[in-house]
2 protein chains.
Amino acid sequence: MLHLHHLQNSRSFRIVWLLEELGLDYQLTTHERNASFLAPKSLTEKSPMGKAPILEVDGKPMMESAHIMDYLMAKYDTEYRLHPKTNADDPTWLNYDFWLHFAESSAMPPLLIRMIFNKIVERSPFFVKPITKGIQTQIETSYLNQTIASSFHLMESHLQDNQWFAGKDFSAVDIQMHFVVAAAHARSPFNPSQYANLLNWLHRLESRPAFEQAVKRGGRLQF
Amino acid sequence: MLHLHHLQNSRSFRIVWLLEELGLDYQLTTHERNASFLAPKSLTEKSPMGKAPILEVDGKPMMESAHIMDYLMAKYDTEYRLHPKTNADDPTWLNYDFWLHFAESSAMPPLLIRMIFNKIVERSPFFVKPITKGIQTQIETSYLNQTIASSFHLMESHLQDNQWFAGKDFSAVDIQMHFVVAAAHARSPFNPSQYANLLNWLHRLESRPAFEQAVKRGGRLQF
């Protein structure tokens with residue numbers, strides 16, 4: 001028995017989508033965001049970190065999107081339709097495994113930090129704004145701009161040679177990467193002349209029937 | 001042919017250590033940190049993101065510590081001494097896979113954000129300090145304190161019932177978690193009455209001969 005706790009506009013959309021790709025039966029509870037950065041109480045009651053997604057498997061909570069994806073793949077994708085078999089000599093597996101980790105370990109943290117600084121500046125009273133803007137500019141030039149640009153260039157150039165992140169076929173890692181790319185694109189749209197491959201991939205990805213189904217059940221991501 | 005590019009006092013210590021645990025031959029190049037947040041030029045020349053670790057396998061650069069670990073396990077740990085076989089019904093595999101992702105996706109980002117705000121306050125001229133301290137206090141109370149505390153409580157309570165992160169045996173995921181725990185402990189030492197299991201684990205972990213060997217080759221981590 002699978003019961004997914006989904007938080008609106010969050011990474012847990014990935015799991016709604018993957019469950020739809022797998023065609024599995026599951027119960028879905030959608031939780032609402034509150035105004036703070038913190039998890040709503042309804043989620044902390046389910047699991048100590050209070051972070052979505054939480055997948056309850058026979059009543060036992062499982063956390064961390066990539067881990068839940070690995071679990072669902074190992075348990076239900078036994079014919080390797082949506083993920084490659086572990087094989088250190090197979091470029092498809094190497095790609096899959098690399099991007100699976102890259103999404104949250106390298107790509108997301110600077111985007112999160114950028115979002116935090118945007119909020120700080122936005123919420124600063126007018127007499128403090130010159131100072132917070134100054135700090136923001138400093139962190140953008142010393143760290144964020146270059147790190148974020150390198151990470152999206154890496155994706156773009158990978159998709160120059162590969163139709164999907166793992167290689168020639170769609171796989172679960174495209175879902176893992178989707179949240180990262182969609183979040184960045186929503187906040188600051190990619191220039192089509194610079195990111196044609198990434199935009200094409202995004203379009204192909206969001207044309208999948210299981211994506212549409214996930215939007216129906218979990219709501220469209222709004223950043 | 002394995003050639004590891006290691007950056008002093010960084011996550012790449014994990015790979016030095018894992019290579020020592022595996023008893024593999026490898027070439028080691030240690031790069032020096034510069035004053036900024038950004039990667040030194042010697043690393044950006046090796047790989048587009050310029051982030052350590054970079055493991056060159058027959059001249060081809062591989063990035064992302066967890067991915068490199070997965071690669072080394074798949075390629076060289078074929079008897080499953082240092083990682084469990086993928087099995088969605090095995091609690092050891094579930095633990096291993098969960099903590100492998102948790103380390104960088106959930107535990108590290110708030111620690112990184114805390115470090116950035118500490119630096120901002122530290123570097124603020126005296127007339128700006130009250131403002132930057134005020135922002136720091138706000139982000140600590142609204143987000144960091146609770147998120148970081150939950151994440152370390154989760155580790156502590158897991159180690160109450162498990163000798164190591166995967167379960168009863170040491171595995172590569174303990175190395176993945178080491179950097180996170182050691183970094184947090186170095187900056188703000190754990191209270192032994194609250195974090196006895198975590199401190200015992202850290203002590204057991206750092207008593208391993210391969211850890212000592214890694215310190216000899218890669219230098220002791222200093223935060």
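Values quoted throughout were computed directly from the atomic coordinates according to the rules given, and no laboratory measurement underlies them. Note that the structure is a prediction, hence the values are computed from the model and not measured. Glycine also receives a Cβ, built like all others from the backbone with ideal geometry; neighbour counts cover every protein chain displayed.
Label-to-label distances for A:S207 across copies, nearest first, come out at 6.1 nm, using points 7 Å from Cα in the beta-carbon direction. As a size descriptor, the averaged projected area of the C-alpha convex hull of the stretch A:37-104 was calculated at 5.7 nm².
For the protein assembly as shown, the fraction of C-alpha pairs farther apart than 36 angstrom is 25 percent. Annotation for the stretch A:25-114: trypsin sites (Lys or Arg not before Pro) lying in DSSP loop with at most 16 further Cβ atoms inside 10 Å of their Cβ are A:R33, A:R81, A:K85. Charge dipole of chain A (Cα centre as origin; +1 on each Lys and Arg Cβ, -1 on each Asp and Glu Cβ, all else neutral): 1020 debye, rounded to the nearest 20. Across q = 0.07 Å⁻¹, chain A modelled as identical point scatterers on its alpha-carbon atoms has Debye log10 I(q)/I(0) values of -0.24, in the order of the q list. Shown for A:T141: label points 7 Å from Cα along the beta-carbon vector, and their distances to the equivalent points in the other copies, 3.3 nm in ascending order. Full extension of the chain between B:Q138 and B:N200 gives 19.0 nm of extra length, using 0.36 nm per residue less the Cα-Cα distance.
Could you estimate the translational diffusion coefficient of the stretch A:110-151 from the Stokes-Einstein equation, with Rh from the Kirkwood formula over C-alpha pairs, at 25 °C and 0.890 mPa s, in whole µm²/s? Please report the intermediate quantities before stating the final value.
On the way: Rh = 10.5 Å.
So the translational diffusion coefficient is about 234 µm²/s.
Dimensions of the stretch B:98-223 based on its C-alpha atoms, expressed as ranges along the principal axes with the largest first, amount to 52, 33, 27 Å.
Can you give me the C-alpha center-to-center distance between the stretch A:13-73 and the stretch B:113-154, rounded to a whole angstrom? A separation of 28 Å, based on Cα centres. Can you list the residues of the stretch B:72-113 with backbone N under 17 Å from a point 7 Å past the Cα of B:S188, pointing along Cα to Cβ? Those under the cut-off are B:107-113. The alpha-carbon of A:K133 sits under 28 angstrom from the alpha-carbons of these lysines, leaving out residues fewer than 8 places away in its chain: A:K119, B:K51, B:K119, B:K129, B:K133.
Working note: 222 nm ellipticity from helices only, DSSP H runs with n ≥ 4, each -39,500 (n - 2.57), summed and divided by the residues of chain B, gives -16500 deg cm²/dmol to the nearest 500.
Under 1.5 on a/c is rounded, so check that first for the stretch A:9-62, then, if it is not, pick prolate when a/b is larger than b/c and oblate when it is not; a ≥ b ≥ c are the square roots of the alpha carbon gyration tensor eigenvalues. It is oblate, given that a/c is not under 1.5 and a/b is not larger than b/c.
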